[in-house]
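So the structure is just underneath, and the comments pick up after that.
We did not get these values from a lab; they are worked out from the coordinates using the rules stated. Because the structure is predicted, anything quoted here is derived from the model rather than measured. Cβ atoms come from the backbone with ideal geometry, glycine included; neighbour counts cover every protein chain shown.
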Amino acid sequence: MKGIINLHQKNFIPLKLLFVSLTFLLILQSGAHADNQAPGILLQDYDKGIDFTNQKLILITNSDSPDYAGLKYNDSGWKTVSLPSNWRDFFPENPRVCWYRIHVVFPGELPVQSAGLSLGTISDIDEFYFNGKLVAGTGSFPPGRVSAYDKKRIYEIPTKLIIPGGDNVIALRVMGLFPYENGPHKGIFRIGNYSLMQKKFLTEEMPDIIFIALYLIVSLYFALIFVTRSIDKEYLFFSLFTFFTALYLFLRTQVKYLLFDNFFILKRIEYLALFFIPLFAMEYISHYYGRRNRTLHIIYYIFTGTVATVVIVNPGIPLWNDILFYFVEPSWVIPFGYCFAVSIKEYKNVNDAKYLLIAFIVAWIVFVNDMLFDRGIIGTARLSTYSFIVIIIGTALIMRKRFTRLYATAELYNNRRRGVFSISDENREKLDKSIGYIKENFRDDISREGLAEFSGMHYDYFGKLFKQYTGMKIGDYINELRIEEAADKLITTDMKVIDIAYETGFESLSTFYRAFQNVKKETPTDWQEKHRKK
């Protein structure tokens, strides 16, 4: 037994040395790869998933080869980066195509439901490979290139391709478009339950859609106001300003792809909508304050028409983007500067000028923020969708108040011309009481002042309300009651005309004749002869 033990110990020493040597070599090899190869992602639960945003776990190279998609490809020489990022930060020469590889260890069993991969927003085109197999892609590589640089990527990972408990490789081939922004540069990067990712995606879009729907309601409301009052063009241009803002913000959402999937057409409409928003804002302010269009307006209209024509005619999206960045956005100083200047000038003359001034200050802050955010200069967030609710709803309330005020003024003017005024229930009761009094006492001397005092109103106001309620002046109403009684007496009694005149309340025969002819369109005598024969 002792010999056996010694023999084992003698044999064990070389094995032990061999094990230590191999371990040391592995450590050295691991250290050699530490700067070049990402350790990979360890997914422990399919449903809980894992968020690898801003984690330095991604491999990248600036060359292009189909071999990069392979599961066994040696990527030890690739750079290690995190996402989101712009590949120009690692490759100043701004390559045309880059590849990304992500090593993932999945749980020891296959998922019950499909796993998914969220890759945020990728500029511009991509192909998604899993364990060497092409699974999906967004946009189309040349020839027949189709851009897709603002479309969020959520890909389903085929369950049959997953290696449980082993090394899996996600490979991403990306072709850029712009010189300043390429690769997976924005969003959340996550592996998890595919169905839950889709639901979360739609849920995150809903607040934007609710705000946009409110903008459309406001736009429709003021369009209808313009239809009823087409002379007030500020309502038309505010409606157009709101509609184009809603259209632009909608085209910034991902929901647009659920309705229409032609990226090129959607992007063209988005650029055109953005170009016209400041123009309609300037036109709205001009009409709101009753300003005439001057040379400044004409210059900006020509400029807007020119850039819009370029977008319509030229199919180059990079050119559209350059026009927006270098010409359109700097030109906003004209419409917004005009709105500022006019609002400040009208500050003391128009009550609502201060509110509009505040609205355009907020609008300017929003546009500047979004412009800097889109350029990657600041890392805040786009404010237009949510901040514009303050601008548009606030301005809409100002416009509605203005409309109510103008409408009330116009109605008052028209009513005065027609002698029509609104009547409250209380005043209606007073008028009914006064009419009852007149019907009982029309033969007596009744004055407007006396009736007004009887009703508890000012005589002038009472007279206007009486005419609206009956369609007749007080004197005409009383005379008609007297003439109707006189006409009846002329054909049913043998009373003399003069006696009937005095008995029905007239002060003279001439007044009676004149009033009778106004009501019956003939003299009392003619009336008497005509109707007595019948």
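For segment 120-160, the equivalent ellipsoid derived from the Cα gyration tensor has semi-axes of 20, 13, 6 Å, listed largest first. On a straight-distance basis, which aspartates and glutamates could pair with LYS160 in a cross-link, Cα separation under 13 angstrom, same-chain partners fewer than 8 positions away excluded? Counting by Cα, and skipping residues close in sequence, LYS160 has these aspartates and glutamates nearby: GLU109.
Distance from the C-alpha centroid of segment 297-339 to that of segment 117-181: 33 Å, rounded to the whole angstrom.
Compactness check for segment 248-336: Cα Rg over 2.2 N^0.38 Å is 1.20.
For LYS467, the aspartates and glutamates whose Cα falls under 20 Å of its own Cα, not counting residues fewer than eight places away in the same chain, are GLU411, ASP425, GLU426, GLU429, ASP432, GLU440, ASP445, GLU449, GLU453, ASP476, GLU480, GLU484. The calculated FRET efficiency for the pair GLN113 and SER65, based on their C-beta separation and a Förster distance of 35 Å, comes to about 0.55. Over all other residues within a Cβ to Cβ distance under 12 Å of GLU205, the charged ones net out to +3, with Lys and Arg as +1 and Asp and Glu as -1.
Listed values for segment 264-271 are Karplus-derived 3J(HN,Hα) couplings in whole Hz (6.51 cos²θ - 1.76 cosθ + 1.60, θ = phi - 60°), namely 4, 5, 4, 5, 5, 5, 4, 5, and x replaces Gly and Pro.
3J(HN,Hα) along segment 455-464: 8, x, 10, 5, 4, 5, 5, 4, x, 5 Hz, from the Karplus curve 6.51 cos²θ - 1.76 cosθ + 1.60 with θ = phi - 60°, whole Hz, x for Gly and Pro. Loop-located GluC sites (Glu not before Pro) in segment 463-534 (DSSP state not H, G, I, E or B) with no more than 14 neighbouring Cβ atoms inside 10 Å: GLU507, GLU522.
Exceedance of the 27 Å cut-off in Cα-Cα distance is limited, within the set LYS133/LYS267; LYS200/LYS267; LYS48/LYS133; LYS56/LYS200; LYS354/LYS464, to LYS133/LYS267; LYS354/LYS464. Scanning residues 5 or more positions from LYS151 or on other chains, those with amide H under 5 Å from its amide H are ILE122, with H placed 1.01 Å from N in the peptide plane. For segment 46-55, putting each phi into the Karplus relation 6.51 cos²θ - 1.76 cosθ + 1.60 with θ = phi - 60° gives couplings of 5, 6, 6, x, 8, 9, 10, 4, 6, 9 Hz, in residue order, rounded to whole numbers and with x for Gly and Pro.
Quick one: if the Förster radius is 60 Å, what FRET efficiency do LEU296 and ARG428 give, using the C-beta to C-beta distance and rounding to 0.05?
Taking R0 as 60 Å, the efficiency between LEU296 and ARG428 is 0.65.
Descending by average beta-carbon neighbour count within 10 Å, the peptides 128-134, 70-76 line up as 128-134, 70-76, the highest first.
Please report the net charge: other residues with Cβ closer than 11 Å to the Cβ of HIS103, K and R +1, D and E -1. With Lys, Arg at +1 and Asp, Glu at -1, the neighbours total -1. A straight chain from ASP488 to THR470 at 0.36 nm per residue would run longer than the Cα-Cα distance by 4.2 nm. PHE91 versus LYS56, label points 7 Å from Cα toward the beta carbon: distance in nm? Output for this residue pair reads 2.0 nm.
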